[in-house]
1. Listed residues 77, 62; which is at pLDDT below 90, in a helix (DSSP H, G or I) and loosely packed, with under 12 Cβ neighbours inside 10 Å?
2. Scan region 63-79 residue by residue and report those that are free of Cβ contacts under 8 Å to residues at least 60 places away in the same chain and within 16 Å of the chain's Cα centre (by Cα).
3. Being in contact with a helix residue (DSSP H, G or I) (Cβ under 9 Å, 6 or more places away or on another chain) and either in contact (Cβ under 8 Å) with a residue 12 or more places away in the chain or surrounded by 12 or more Cβ atoms within 10 Å (Cβ to Cβ) (or both) narrows it down to one of 41, 6, so name that one.
4. Taking region 1-29 only, how many residues are more than 13 Å from the chain's Cα centre (by Cα), over 13 Å from residue 64 (Cβ atoms) and assigned to a helix (DSSP H, G or I)?
């Protein structure tokens, strides 16, 4: 059974809280629901990054609804952002 978008965002938020101690704000959850992506600067995610990395490495992609990408500036190879991406359903 496919999850609706609200369920996917709730699961993502719960995973982040339980696995990394990271709490999304209301605005962040709403943006994630609207776009399927959420950008984090390095300061925002740094306290949680090791736990998030461990969770993602230990959980099969088909068992989770989100992942995290690292964005690097191609001009200077500096880390620019992280992108939290969820698998929302466009029809919802």
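1. Values: 77 fails: in a helix (DSSP H, G or I).
Just one listed residue meets the conditions, 62.
2. We begin by selecting, within region 63-79, every residue free of Cβ contacts under 8 Å to residues at least 60 places away in the same chain; these are 63-64, 66-79.
Selection gives 63, 64, 66, 67, 68, 69, 70, 71.
3. On the way: 41 fails: in contact with a helix residue (DSSP H, G or I) (Cβ under 9 Å, 6 or more places away or on another chain).
Selected residue: 6, the only one of 41, 6 that is in contact with a helix residue (DSSP H, G or I) (Cβ under 9 Å, 6 or more places away or on another chain) and either in contact (Cβ under 8 Å) with a residue 12 or more places away in the chain or surrounded by 12 or more Cβ atoms within 10 Å (Cβ to Cβ) (or both).
4. Matching residues across region 1-29 total 5.
The values are calculated or read from the model by the stated rules, or taken from the named source; none is laboratory data. Keep in mind that what you see is a predicted model, and the values were worked out from it rather than measured. Neighbour counts are summed over all protein chains in view; Cβ atoms, including those assigned to glycine, are modelled from backbone coordinates with ideal geometry.
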